[in-house]
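Beneath this line is the structure, given in structure tokens, with notes to follow.
The values are calculated or read from the model by the stated rules, or taken from the named source; none is laboratory data. All values reported here derive from a predicted model rather than from experimental measurement. Cβ placement follows ideal geometry from the backbone for every residue including glycine, while neighbour counts extend to all protein chains displayed. The protein model used for the area step is the full one, side chains on, heavy atoms only, and it has no ligands, DNA or RNA in it. Shrake-Rupley method; radii C 1.70, N 1.55, O 1.52, S 1.80 Å.
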Amino acid sequence: MQIFKRLSYDTVANLFIQDTSFNRIFVFPLKRDMANQIKCPNCGVYNTNEDYCTNCGTLLSYQKRRELAFAQEEKDRKKRAQIQKETSPSFYEKNKNHRFLVVRIFVKIIHSIWMAFMAIGMFIAWLVSAIAA
Amino acid sequence: MKIIKHPVFIISALMALIIYMSQRFQLPLPNWIYFYVNNFLCMPVVLGLCLAIIRRLKKTENSYVPLVVVLGLTTYFAIYFEWFMPQISTRYTTDIIDIGLYYLGAILFFSIQKRLF
């Protein structure tokens with residue numbers, strides 16, 4: 001009885017339903033052995049140390065399920081980003097193959113890192129004149 | 001970091017600063033130093049500083065300024081300091097030699113940037 005006191009009602013009931021062999025009852029209730037006892041959310045069968053349900057094949061492992069969910073989420077996110085990029089391209093993406101050469105050159109200039117270079121240079125010019133004057 | 005720590009950059013920046021300071025405190029120096037040395041040093045120092053910032057931003061150590069950008073920024077400086085500023089401040093005067101010195105410094109920077117930095 002002392003053993004059963006530590007168990008939840010569900011586990012004890014399940015013991016008698018699922019596995020009534022004398023041996024099994026005395027091995028099973030130890031807490032460290034219960035760690036991987038998972039009841040299948042789909043069909044209700046108890047599984048020991050299994051990632052997938054032995055009866056219906058449903059995924060049981062908490063970790064695996066979470067990993068799969070993360071992977072799915074990542075895939076969805078990438079797909080959404082792709083769609084977003086296709087439906088609303090940036091100013092550069094839209095105009096880099098523009099039919100007018102002037103527009104193409106303008107876009108290339110704006111997009112290059114040397115635009116930032118010029119901006120920094122202009123800022124320094126302003127700074128120098130502001131300090132000197 | 002390579003540029004800012006380079007002795008040539010440090011010396012030219014310090015020289016420009018010292019000349020500017022001595023101008024402020026009215027130390028007796030030859031007129032040509034007051035009028036022309038800073039104009040000559042301006043572009044190499046500014047371009048070096050800009051390149052250092054761009055390298056920091058892009059996290060690379062081997063980018064160099066293309067000629068078009070050097071000339072573009074020099075033209076901006078020439079217009080700004082020799083045409084725009086004289087209109088709003090009496091401290092600035094238009095001088096064709098200054099513009100020549102800007103371009104000389106810029107071309108010098110362009111030709112030696114790959115050897116120095």
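Rounded to whole Å and sorted largest first, what semi-axes of the equivalent ellipsoid does the C-alpha gyration tensor of the protein assembly as shown yield via the square root of 5 times each eigenvalue?
Values: eigenvalues 1181, 121, 44 Å².
Over the Cα atoms of the protein assembly as shown, the semi-axes work out to 77, 25, 15 Å.
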| query | Which residues of the range B:55-81 show a drop of at least 40 Å² in accessible area when all protein chains are present, compared with their chain alone (probe radius 1.4 Å, heavy atoms only, ligands and nucleic acids excluded)? | reply | B:Val69, B:Leu73, B:Tyr76, B:Tyr80
| remark: For A:Lys108, the lysines lying under 23 Å Cα to Cα, once residues fewer than eight places off in the same chain are dropped, come out as A:Lys85, A:Lys94, A:Lys96, B:Lys58, B:Lys59
| request: Calculate, axis by axis, the spread of Cα positions in the range B:12-55 along the three principal axes, and write the results as whole Å, longest axis first. | output: 39, 16, 11
| message | Taking the Cα centre as origin and putting +1 on Lys and Arg beta-carbons and -1 on Asp and Glu beta-carbons, what dipole magnitude results for the protein assembly as shown, to the nearest 20 debye? | response | 440
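What accessible area per residue comes out for the range B:7-116, rounded to a whole number of Å², with a 1.4 Å probe?
Dividing the accessible area of the range B:7-116 by its residue count gives 60 Å².
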| note | Measuring from the longest principal axis of the C-alpha atoms of chain B, the long axis of helix B:67-79 (C-alpha) lies at a number of degrees, nearest 10, equal to 20
| task | For chain B, set up a Gaussian network in which alpha carbons nearer than 10 Å are linked by springs, and say which option among B:Ile107, B:Ile99, B:Ile11 fluctuates the most. | result | B:Ile11
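Rounded to a whole number, what is D in µm²/s for the range B:7-116 from Stokes-Einstein with the Kirkwood radius over alpha-carbon pairs (25 °C, 0.890 mPa s)?
Details: Rh = 14.9 Å.
Result for D is 165 µm²/s.
With only Lys, Arg, Asp and Glu charged, each at its Cβ (+1 for the first two, -1 for the last two), find how big the charge dipole of chain B is about the Cα centre; round to the nearest 20 debye.
Values: 10 positive and 4 negative charges, 134 e Å.
Roughly 640 debye, rounded to the nearest 20.
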| Hey, what angle do you get for helix B:7-24 against the long axis of chain B, alpha-carbon based, 0 to 90 degrees rounded to 10? | 20
| Tail fraction, Cα-Cα pairs, the range A:90-133, threshold 12 Å, whole percent | 66
| query | Extension gain B:Lys58-B:Ile33, at 0.36 nm per residue separation less the Cα-Cα distance, in nm? | reply | 5.3 nm
| Dipole of the protein assembly as shown (Lys/Arg Cβ +1, Asp/Glu Cβ -1, origin at the Cα centre): which of B:Leu29, A:Ser90, B:Ile19 lies farthest to the positive side? | A:Ser90
